[in-house]
1. Do you know which residues across the range A:224-235 are in contact (Cβ under 8 Å) with a residue 60 or more places away in the chain and within 14 Å of another protein chain (Cβ to nearest Cβ)?
2. Can you find a residue that is in a helix (DSSP H, G or I) and buried (at least 17 other Cβ atoms within 10 Å of the Cβ) anywhere in the range B:148-160?
3. Please determine, by comparing only the residues of the range B:117-140 that are over 16 Å from the mean Cα position of the chain (by Cα) and part of a helix (DSSP H, G or I), which one is farthest from B:TYR192 (Cα to Cα).
4. Considering each residue of the range A:188-217, count those that are more than 12 Å from chain B (Cβ to nearest Cβ), over 24 Å from A:LYS74 (Cβ atoms) and not in a loop (DSSP other than H, G, I, E, B), and give that number.
5. Of all residues in the range B:171-192, which are more than 14 Å from chain A (Cβ to nearest Cβ) and either in a helix (DSSP H, G or I) or closer than 20 Å to A:LEU225 by Cα (or both)?
6. Among the candidates B:PRO145, B:PRO60, which residue alone is of a type outside the set (Phe, Trp, Tyr), in contact with a Lys or Arg (Cβ under 6 Å, 6 or more places away or on another chain) and either in contact (Cβ under 8 Å) with a residue 24 or more places away in the chain or crowded, with 19+ Cβ neighbours inside 10 Å (or both)?
7. Counting just the residues of the range A:92-111 that are more than 14 Å from every other protein chain (Cβ to nearest Cβ) and basic (Lys, Arg), which one comes out surrounded by the most Cβ atoms within 10 Å (Cβ to Cβ)?
8. So for the range A:17-24 (the condition being outside any loop (DSSP other than H, G, I, E, B) and touching a Phe, Trp or Tyr at 6+ places or on another chain (Cβ under 7 Å)), does at least one residue qualify?
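The values are calculated or read from the model by the stated rules, or taken from the named source; none is laboratory data. All values reported here derive from a predicted model rather than from experimental measurement. A quick note on method: Cβ atoms are made from the backbone with ideal geometry, for glycine too, and the neighbour counts reach across all protein chains shown.
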Amino acid sequence: MPILAERGYLIPAVNTETVDYVACAEQLADSIRQWHPAANITILTKEMLPHGDLGGYANDWQCFAASPYRQTIKLEADMYAATPIDHWWTLFEKRDVVISQGCKGLYNEPSDNRTYRRLFDENRLPDLYNAVTYWRLSSTAKEFFELVRSIFENWNRFKTLLKFPDESATTDVVYAMAAVIMGVDAVTLPPGTGPQITHMKRGIIPTMTDDWTRELVWESTDPGLRIHTVAQSGLVHYHNKDWRIA
Amino acid sequence: MTQGVLLFAFNNEQIDYLAMAAWSARNIRRHLNLPTCVVTNVVDMPAGYQFDQVVAVDLPPTEQTRYFKDYKGVGAWHNKNRSNAYELSPWDHTLVLDVDFVVATNQLNVLFDIDQDFLAHRWAYDVSGFPAFHDNNWFGTYKMPMSWATIMCFRRSKKAELIFNTMQMIRDNWLHYRQLYQVSEHTFRNDYALSIAMNLVDGHTLSTPSIPWQLASVTPETKLIQIDPDTYKIQYESADSKSKWMLLTQDFHAMGKQALGAIVANPC
């Protein structure tokens, strides 16, 4: 992909039979534009993948070649920008690769719930979330995504390195393994420094059911989002992929 | 700028809150060197009760009762006019204290030096170290962060007025807010109203400045006795079921009214 701009947001969105990721990505793009009308945003659809649709998570490594930006912030599609996020560029720009670490609950406090991270803890993997990943065109970023590709393509061998591995490779685990191989410091900011997504998964937030959208009061503040009357900050990973604010 | 401490005291069948307020006023004078004002419905002030000012009000209209663990019984709880503190206080800079908050040091004077219009505690802890108490720092099904109304320090200001007005709105519409925040208890608590009000007034960001230390609490399950005027002994069972005791030489919230009532009746 030719470089079109210095900085931009890349949102991969390949629809599946059950999930309209493109609609999710459009909602995320709209929410970013509410705060940053001039932001460069590319929704990376199936047709734009340089190597075609390899299925689900396995497409991830293609983002490096597909991005039209010299500096890219890749965002998972099922998120919503509840506040401005462009200060992240300043935070990231001196690094080649930054992957977000940890997540937070709906009261904007870092989560210490490990329900969904047992595999990481058992294998002493860094607590990475690919939901927010920055890179600049660099040999480090190239090496990282080549490693990600290699792990995805050779998952049957790589998974033997892990205790209790998933049958199929997932992006967060693959990123964490790649980070360990390259050196975690090379692809992260110091803990507590970078952005953390608000993870609306039961367990992280204290809901009784999986569908928080039916259980908690939520309000669009246009721009912005309140959940359970609390103003959210940064990116809200809404988890329930059918959730639409309008 | 005038300063003082505002106390609320409405007796019920079991608890003599006015006696606690009078005892607290003596401690406040000794340690904080501040005047006190009591808001009460008691018309004939008993001899020996020394408040600098008394604001006589009617008993707050309420049918509210609560279970008092130490009395093992239900009693009337007249707590619904705490949010009137803003208009009732005679001072520019006011410290509102629960009468069961034991002033044993001059630590609270620090609050008057903090350049904030309103301060309350975000965190409380059980001095005996019982870990389950920590859960009291949130309320409702979805664990909304709690602000404790045990101590409120406010300056005459738009922000403080707004917080108290909002507390009144929440009190007057408690059924709505109780449902919104999924509070299972029927009882209205000023802690809940304050927590919700702080969130509303600060733009729903939960970023309100708070008192820069935690609220020490002695639970009703803990035995409390006074050793000397400013030293207290607590006896309790630890998390590993061992009988323990410790001395307290600090300010604390005595949540067991029976034990505090006994101290107030026979002080050292």
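1. Kept after step one, since they are in contact (Cβ under 8 Å) with a residue 60 or more places away in the chain, are these residues of the range A:224-235: A:224-225, A:227-228, A:230-235.
Across the range A:224-235, the qualifying residues are A:GLY224, A:LEU225, A:ILE227, A:HIS228, A:VAL230, A:ALA231, A:GLN232, A:SER233, A:GLY234.
2. Yes: the range B:148-160 contains one or more residues that are in a helix (DSSP H, G or I) and buried (at least 17 other Cβ atoms within 10 Å of the Cβ).
3. Quick first cut of the range B:117-140, residues over 16 Å from the mean Cα position of the chain (by Cα) only: B:117, B:127-135, B:138-140.
In the following step, the residues that additionally are part of a helix (DSSP H, G or I) were identified as B:131-135.
On the way: B:PRO131: 21, B:ALA132: 19, B:PHE133: 16, B:HIS134: 16, B:ASP135: 14 Å.
The residue in question is B:PRO131.
4. Final tally of qualifying residues: 2.
5. If the condition is that a residue be more than 14 Å from chain A (Cβ to nearest Cβ) and either in a helix (DSSP H, G or I) or closer than 20 Å to A:LEU225 by Cα (or both), then B:ARG171, B:ASP172, B:TRP174, B:LEU175, B:ASN190, B:ASP191 are the ones that fit.
6. On the way: B:PRO145 fails: in contact with a Lys or Arg (Cβ under 6 Å, 6 or more places away or on another chain).
Of B:PRO145, B:PRO60, the one residue that is of a type outside the set (Phe, Trp, Tyr), in contact with a Lys or Arg (Cβ under 6 Å, 6 or more places away or on another chain) and either in contact (Cβ under 8 Å) with a residue 24 or more places away in the chain or crowded, with 19+ Cβ neighbours inside 10 Å (or both) is B:PRO60.
7. In this case the residue turns out to be A:ARG95.
8. Just the residues of the range A:17-24 that are outside any loop (DSSP other than H, G, I, E, B), to begin with: A:21-24.
The next check asks that each one be touching a Phe, Trp or Tyr at 6+ places or on another chain (Cβ under 7 Å); those that pass are none.
No, the range A:17-24 has no match at all.
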